Amino acid sequence: MLEGKIAVVTGASRGIGRAIAEKLASMGAFVVINYNGSKDRAEEVRQEIEAAGGAAAIYQCDVSDYEKCGTFIQDVIKEHGRIDILVNNAGVTRDGLLMKMTEEAFDQVINTNLKGAFNTMRFVSRQMLKQRSGRIVNMSSVVGVTGNAGQANYAASKAGIIGLTKSAARELAPKGITVNAIAPGFIETDMTGVLPEKVKEATAAQIPLGRFGKPEQIAAAAAFLSSEDAGYITGQVLHVDGGMVM
Ligand code: NAP
C-alpha cells in the first residue's frame, strides 16, 4: 500500500490520469492532481477521491513550460515535504500526414508529451535523489514502438519517452529510484472517443483480446510500478494493450 506517500500525476483531470490518481489515492497515497485547462474536472476528481476517503489537491501547470514546472514541483515539495511517486501522463494528439503536418502541430505534441516528462523529471529527480528513493512512471504508447501513419509527431514523442525512461533509469538506479514506462494500446478515453465508429471497429478487430482497454487497466499497471513490490523493476516498458504488440 502507499500510505504516507506523496504522488504527482500529470494530466489527471480526465481519462487515464484520472484513473491513476483515483487508484493511487485508494491505496493510501496523497495525490497531486495536475491539470492544464480542465479545472472543473480536476476539482471533480479531487472531490471523488475525498468522498472515497482519500486525500488530494489540484495544481494547475502546463507541463510543456519548463519554468512553470519548476515552480509547480517546488510548490508541491514546499507544501507536502516530499515526492515519492511521479506519473507523467499528460499528453495530446495533433494527428495528420507528415506531408501536411504543421511545425506548430509537431512542436506542440513533442513539447507536451516528451519535453513535459523531461520538465517534471528534471525537478522531481533532484528531490528523489535527496530522499534516496522514488518511483517514476512515464506514459508511452504502442505507437511509440510500432509507429503509426498520421501520427509522426505523437509516435516520435512516445518513442522519445522510452529513451528518456531508460536513460533516467540508468542514472537514478544507484540511488534507489526506479523509472519505467507503460505503453497502452487503445484505451477508452476522450483521446480515442473522437475516432469514427468504423475506425474503432476496425481497430478492435486488430487487437488480439478484441476490444479497447479501460483507463482502470492502465491505472492498475501504474499502481504496481509505483509500489514497493516493483522495487526490482526499472528501465522497462510494460505493454498494456490487449496483445497488440507481442
Ligand atoms: P485525455 O483523455 O485526452 O486526457 C489528457 C490529459 O492530459 C488531460 O487531463 C489534460 O488536462 C492533460 N494535458 C494535456 N496537455 C497538458 C499540458 N500541457 N499540461 C498538463 N496537462 C495536460 O488522454 P488519455 O487518453 O487519458 O491519455 C493519457 C496519456 O496516455 C497520454 O499521454 C496519452 O498519450 C497516453 N495514451 C493514451 C492512449 C489511449 O488510447 N487513450 C493510448 C496510448 C497512450 P486538461 O484537460 O486539464 O488540459
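The values are calculated or read from the model by the stated rules, or taken from the named source; none is laboratory data. Owing to the predicted nature of the structure, the values given are computational and were not obtained by experimental measurement. Cβ: placed from backbone, ideal geometry, glycine included. Neighbour counts: every protein chain shown.
Out of curiosity, is Ala223 assigned to a helix (DSSP H, G or I), of a type outside the set (D, E, K, R) and away from the ligand (no atom under 14 Å from the Cβ)? Show your work before the answer.
Values: assigned to a helix (DSSP H, G or I): yes; of a type outside the set (D, E, K, R): yes; away from the ligand (no atom under 14 Å from the Cβ): yes.
It is true that Ala223 is assigned to a helix (DSSP H, G or I), of a type outside the set (D, E, K, R) and away from the ligand (no atom under 14 Å from the Cβ).
Can you tell me which residue within the stretch 21-42, out of those that are assigned to a helix (DSSP H, G or I) and more than 9 Å from the ligand (Cβ to nearest atom), is surrounded by the fewest Cβ atoms within 10 Å (Cβ to Cβ)?
Restricting to residues being assigned to a helix (DSSP H, G or I) and more than 9 Å from the ligand (Cβ to nearest atom), the top hit is Asp40.
Exactly one of these conditions fails for Asn148: (1) among the polar types (S, T, N, Q); (2) free of Cβ contacts under 8 Å to residues at least 60 places away in the same chain; (3) in contact with a helix residue (DSSP H, G or I) (Cβ under 7 Å, 6 or more places away or on another chain); (4) under 16 Å from Val9 (Cα atoms). Give me its number.
(4)
Listed here are the residues, each with its yes/no results for (1) within 25 Å of Gly176 (Cβ to Cβ); (2) within 20 Å of the chain's Cα centre (by Cα).
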| residue | (1), (2) |
| --- | --- |
| Gly11 | no, yes |
| Gly15 | no, yes |
| Lys23 | yes, yes |
| Lys39 | no, yes |
| Met101 | no, no |
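Restricting attention to the stretch 47-63, which residues are in a loop (DSSP other than H, G, I, E, B) and either acidic (Asp, Glu) or touching an Asp or Glu at 6+ places or on another chain (Cβ under 7 Å) (or both)? Before you say what the answer is, go through the steps one by one.
Our first condition is that a residue be in a loop (DSSP other than H, G, I, E, B); within the stretch 47-63, this holds for 52-54, 61-63.
Residue satisfying the conditions is Asp62 alone.
For the stretch 45-63, how many residues meet the condition of being more than 15 Å from the chain's Cα centre (by Cα) and touching a residue at least 12 places away in the same chain (Cβ under 8 Å)?
Qualifying residue count for the region: 12.
Quick check, is Leu172 in contact with a strand residue (DSSP E or B) (Cβ under 8 Å, 6 or more places away or on another chain), part of a helix (DSSP H, G or I) and modelled with pLDDT of 95 or more? Working first, answer last.
On the way: in contact with a strand residue (DSSP E or B) (Cβ under 8 Å, 6 or more places away or on another chain): yes; part of a helix (DSSP H, G or I): yes; modelled with pLDDT of 95 or more: yes.
When the stated conditions are applied, Leu172 passes them.
Give the stretch 167-182 a look and list any residue that's of a type outside the set (Gly, Ala, Ser) and farther than 17 Å from Met128 by Cα, or say none.
Ile182
Matching residues to (1) closer than 23 Å to Ala230 by Cβ; (2) more than 13 Å from the ligand (Cβ to nearest atom); (3) not β-branched (Val, Ile, Thr); (4) not in a helix (DSSP H, G or I):
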position: Met121; (1), (2), (3), (4): yes, yes, yes, no
position: Val124; (1), (2), (3), (4): yes, yes, no, no
position: Gln127; (1), (2), (3), (4): yes, yes, yes, no
position: Arg135; (1), (2), (3), (4): yes, yes, yes, yes
position: Gly144; (1), (2), (3), (4): yes, no, yes, no
position: Asn153; (1), (2), (3), (4): no, no, yes, no
position: Ala156; (1), (2), (3), (4): no, no, yes, no
position: Gly163; (1), (2), (3), (4): yes, yes, yes, no
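Kindly check whether there is at least one residue in the stretch 57-68 that is more than 20 Å from Arg18 (Cα to Cα), at pLDDT 95 or above and of a type in the set (A, V, I, L, M, F, W, C).
Of all residues in the stretch 57-68, those more than 20 Å from Arg18 (Cα to Cα) come to 65-68.
Next, only the ones that are at pLDDT 95 or above stay: 65-68.
Restricting the remaining residues to those that are of a type in the set (A, V, I, L, M, F, W, C) gives none.
Within the stretch 57-68, none of the residues are more than 20 Å from Arg18 (Cα to Cα), at pLDDT 95 or above and of a type in the set (A, V, I, L, M, F, W, C).
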